1. Identify all residues within segment 94-140 that are touching a Gly at 6+ places or on another chain (Cβ under 8 Å) and of a type in the set (Phe, Trp, Tyr); write none if there are none.
2. Looking only at segment 55-84, which residues are outside any loop (DSSP other than H, G, I, E, B), free of Cβ contacts under 8 Å to residues at least 60 places away in the same chain and not acidic (Asp, Glu)?
3. Among the numbered criteria (1) closer than 18 Å to Gly72 by Cβ; (2) assigned to a helix (DSSP H, G or I), which one does Tyr109 miss?
4. All but one of (1) touching a residue at least 24 places away in the same chain (Cβ under 8 Å); (2) assigned to a helix (DSSP H, G or I) hold for Leu158, so report the exception by its number.
5. Go through segment 75-125 and give me each residue that's under 23 Å from Val181 (Cα atoms) and aliphatic (A, V, I, L, M).
6. Could you pull out the residue among Gly49, Gly42, Gly68, Gly72 that is small (Gly, Ala, Ser), at pLDDT below 95 and within 24 Å of Ala145 (Cα to Cα)?
7. Limited to segment 125-144, what total is found for residues that are hydroxyl-bearing (Ser, Thr, Tyr) and within 17 Å of the chain's Cα centre (by Cα)?
8. Within segment 120-141, can one find any residue that is in contact (Cβ under 8 Å) with a residue 40 or more places away in the chain, assigned to a helix (DSSP H, G or I) and among the small types (Gly, Ala, Ser)?
Amino acid sequence: MILWAGLRAGGRIDIGSREVVARWHAASMDHAEVLLIGGRAGVGKTTVGWEVSALLRSEAVAHAIIDGDFMGQVHPAPEGDPHRAEITERNLTAVWANFAQRGYRRLIYTNTMSVLPEATGMFERAMGAGAGIVRVLLTASDATARERLVGREIGSELEKELEGSVGKARLLDQRAPAETVRVATDGRLVVDIAREVVAATGWAGPHFARRS
């Protein structure tokens, strides 16, 4: 059971309690927003996410950032949770609760499949049903993704990553919702990609979009 302390002075809250979480969402998370940055392995999600954060900091925009891969990074998978979906959601809920209790309302979340429709429920449950969601799908050619993955020297799982990247790119292209903003990354500077992503959120205001 995951417990989070500090919502009320001296209090402890069971994150697994739907009633408690629902009440807390209603009181504290009315205007939460999340930027989902998805894309195949090697497309640059983490790098772009951090550059987006840097640009938002330069504009004095309060936010938090989470690399979604770490929310379910356990071995073996928990009993009854073979795809690690439950532990990922519970960890996201706990971490976001901590951010939100301190006044943060905007989240950057990077994860390969996060932009797909079936992920929506997790963010609504973790951040509140009224959470605004901006989906950005980063794209790259097979050659570009391979070059980046090889350059990362990710060790024994390189071939698995290369093979999986191709399949996930096709899946994301076919199934990402129509409102998803697609941002090409081939041959572009990270800062230029990140500026396009920030402009898509509207978080930095219209003046930022005009400069982009």
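1. Tyr109 - this is the single residue of segment 94-140 that is touching a Gly at 6+ places or on another chain (Cβ under 8 Å) and of a type in the set (Phe, Trp, Tyr).
2. Within segment 55-84, Arg57, Ser58, Ala64, Ile65, Ile66, Gly68, Phe70, Met71, Gly72 qualify.
3. So Tyr109 meets the others, but not (2).
4. Tallying (1) touching a residue at least 24 places away in the same chain (Cβ under 8 Å); (2) assigned to a helix (DSSP H, G or I), Leu158 fails exactly one: (1).
5. Result: Leu107, Ile108, Met113, Val115, Leu116, Ala119, Met122.
6. Unique residue meeting the criteria: Gly42.
7. Final tally of qualifying residues: 1.
8. Pass one, segment 120-141, residues in contact (Cβ under 8 Å) with a residue 40 or more places away in the chain: 123, 125, 127-141.
Then drop every residue that is not assigned to a helix (DSSP H, G or I), which leaves 123, 125, 127.
Cutting the leftovers down to among the small types (Gly, Ala, Ser) gives us none.
No: zero hits.
The values are calculated or read from the model by the stated rules, or taken from the named source; none is laboratory data. Remember, predicted model here, so these are calculated numbers, not experimental data. For neighbour counting, all protein chains shown are included, and Cβ atoms are generated from backbone atoms with ideal geometry for every residue, glycine included.
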